[in-house]
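Every number here is computed from the coordinates shown, using simple stated rules; none is lab data. Just so we're clear, the structure is a prediction, and the values are computed from it rather than from any experiment. Methodologically, a virtual Cβ is constructed for each residue, glycine included, from the backbone with ideal geometry; neighbour enumeration extends over all protein chains shown.
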Amino acid sequence: MHSWTDTLRFAFQPVVNLVTGAVAGLEILARPETGDILAEARRDPELDGRLAVSAIRAAARRETLLPLHVNVFAATLADLGGLTPLHTAVREAGRLPWEVTVDIGPPYTHVPRQALLEAVDALRSQGFRISADGVGDGDVPLRLLTDLAPDLVKLDASLLTRPAAVRAMRTLCEQLGALLSVEGVETEFQCTAAVTAGAQLAQGELFAPPARLPAADVYVPPRSPGAAPLPRSGPSVRQFVRPAALLPATASAGHVRALLTGSPEVSGVVLVDAHGVPVRSVHRSRFLLSMSGRYGHALYADRPAAKLGDVPRTVGVDATAWEVLDVVAVGGRDRTSDDVAVVDRYGRCVGVVRLADLVRALAESRVEEAAGLNPLTRLPGSDAVTGEVDRRIADGRAFALSWLDVDHFKQVNDGAGFAAGDELIRSVGRMLQRSASDSTRVGHIGGDDFLILADPEGLDPVAASVLDAPWSAGGLPVSLSLATVLCMPGSVTDHRQAAAWLAPLKKAAKALRGASWVLGRAGMPGHEVRRGSAAATASAAHPGRA
């Protein structure tokens, strides 16, 4: 009698890192030659659990070193209370649980919520990573998604036509500490949309179709010149994580040599203890050089590889690219090409980052920034400031957005000459830069207009520095006008709404004489006059508020 396993085959589809272009993992997909075993598995949790175990064993036969993604229905986890046989299969395959991501798929309707959450906790305690699959095209409740707190959210490509929804999901992922992936990417347009919306990972026919043999190469479209630059505060190390070649700390040098010579794409090996914590780092070139020297193989082959390794360099999964560079800068120059191990909150290695990836991405971000600098002041334009405004809104942070300009600047240019006007603008820009704290962003919109983004408590020093200074151009006295809108958490939804609240405040500031400063609050009527006096034609009936 034929078993369902007789006609079942598995295919592998790469999960691609959109920043580095590297393969970040392989999703194992069941491909039955007859019947619809997936429909049966949806109704039969035991069968679904056996499919997951078979998927791991199929990957083991392909000897892939990449992290794996295994599909399981939500109802299966809730019914079985976890997947103990999966843990056994992973161990027997010589893999570590944190190299395996369990993709939990819909339907979620009628799945007992508490039972599902307990099963996910059980998987996490064993070391497995959790992915919420089919989001956007399935029925996963938003509340359940936040309770699952997945390490990865897989979004259906159909949502790319709704960029606001994708950006909102990216914001949620940032709050949950999760990565965002897009499934079903088939065109370069979709890939560009995924990158623009902030997705870090993707998979689909564009990169590589599912295949019986894991793909050695994938196609990743070149980054568009108009793509959004990386955040000035430093991109997250999560964007650059590559799969790590992990071996037990007790592995012999011969075992490591076999892995490296059989996998030319592997730049090094991380030796981990029983809990997955890095204990030694083996650099490919230095290791093979030691092994290939005279008597090297005879001396080291059967000895622990740890003797030829170095103390690992590690960073937390929440680190920025700049922090990784700080780690690389410490120590001898002979280790600048070493991989840096990325560890989770338990200290377990979840991947590595390569210096070349970081340098390339940071260089691209600097080129993007340089292209957007104002040639007169060398300050960034409005995009840099408004992008940071949106990030602070997403983080639920209070902020103060200000607009500064020179009063009657056209008359200044006409009376003192454009050279004096240019020097005045440069001087204002330098003063703003000197007075800005680390959390303050200054942008030069053009002409005599500047944008200033600051924490509410950091606003007064910046305002005082520019409004108290005696400005002049060509010997003619000049005054400045400052308008500020305070935005508390929840008061605005994006930078456009903040700018809309700021516009009437600028008009009010320009209506005052002398160095002026008007401050308002988003969502509240009226404003406060902090500097300046009413013009001669204006009523003096309201000296403090308007």
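What length, rounded to one decimal in nm, is gained on full extension from LEU325 through to LYS410, with 0.36 nm per residue of separation minus their alpha-carbon distance?
Full extension of this stretch gives 26.0 nm more.
Under the Kirkwood approximation for Rh and a Cα-based Rg, what ratio Rg/Rh is obtained for the stretch 246-359?
Expressed as Rg/Rh, it is 0.97.
In bins 10 Å wide, starting from 0, what share of all Cα pairs of the stretch 96-218 does each bin hold, as a percent?
Result, from short to long distances: 13, 42, 34, 11, 0 percent.
Roughly what angle does helix 113-126 make with the longest principal axis of the chain, taking Cα atoms, 0 to 90 degrees, to the nearest 10?
70 degrees
Taking the Cβ of each residue in ASP156, ASP344 as the centre, tally the other Cβ atoms inside 10 Å and list the residues starting with the fewest.
Exposure proxy ranking, most exposed first: ASP156, ASP344.
Under 13 Å from the Cβ of ALA473, count the other residues' Cβ atoms, weight Lys and Arg +1, Asp and Glu -1, and hand me the total.
Local net charge: -3.
Skipping prolines and chain starts, which residues have an amide H placed within reach, meaning under 5 Å, of the one on LEU18, given they are 5 or more residues away or on another chain?
LEU201, ALA202
On the principal axes of its Cα set, how long, how wide and how thick is the stretch 4-222? Give whole Å, largest value first.
Principal extents (largest minus smallest coordinate, Cα): 40, 38, 32 Å.
Angle, helix 45-61 long axis vs. longest principal axis of the chain, Cα atoms, 0 to 90°, nearest 10?
90 degrees
Taking the Cα centroid of the stretch 304-323 and of the stretch 439-474, what is the distance between the two, rounded to the nearest whole Å?
42 Å
For ARG530, which sequence-distant residues (separation of 5 or more, or a different chain) have an amide H within less than 5 Å of its own amide H, given hydrogens modelled in the peptide plane?
TRP517, VAL518, LEU519
Kindly write out, for the stretch 316-328 in residue order, the coupling ³J(HN,Hα) from the Karplus curve 6.51 cos²θ - 1.76 cosθ + 1.60 (θ = phi - 60°), rounded to whole Hz, with x marking Gly and Pro.
x, 5, 9, 5, 9, 4, 5, 5, 5, 4, 4, 5, 5
Answer with a single label: of [x] 26.1, 83; [y] 27.2, 91; [z] 28.8, 101, which was calculated as Rg and Dmax of the Cα atoms in Å from the structure in view?
Recomputing Rg and Dmax of the Cα atoms in Å here gives the entry labelled [z].
How large is ³J(HN,Hα), in whole Hz, for each residue of the stretch 497-514 in order, when computed from phi with the Karplus curve 6.51 cos²θ - 1.76 cosθ + 1.60 and θ = phi - 60°, using x for Gly and Pro?
For the stretch 497-514, the Karplus curve yields 5, 4, 5, 5, 6, 6, 4, x, 5, 4, 4, 5, 5, 5, 7, 9, 8, x Hz.
For the stretch 444-454, what does the Karplus curve 6.51 cos²θ - 1.76 cosθ + 1.60, with θ = phi - 60°, yield as ³J(HN,Hα) per residue in whole Hz, taken in order and with x for Gly and Pro?
10, 5, x, x, 9, 9, 10, 10, 10, 10, 9
Helix 418-435 against the longest principal axis of the chain: what's the angle in degrees, Cα atoms only, rounded to the nearest 10?
50 degrees
Over all distinct alpha-carbon pairs, what is the Kirkwood Rh of the stretch 66-127 in angstrom?
Answer for the stretch 66-127: a Kirkwood hydrodynamic radius of 11.9 Å.
Rounded to two decimals, what is Rg over Rh for the stretch 373-534 when you use alpha-carbon atoms and the Kirkwood radius?
0.96
Collect residues whose amide H, placed 1.01 Å from N in the peptide plane, falls under 5 Å from the amide H of LEU83; neighbours closer than 5 in sequence don't count.
For LEU83, no residues qualify.
Taking trypsin sites (Lys or Arg not before Pro) as candidate sites, keep only those in a DSSP loop with at most 11 other Cβ atoms within 10 Å, then name the longest stretch of the chain containing none of them.
1-211
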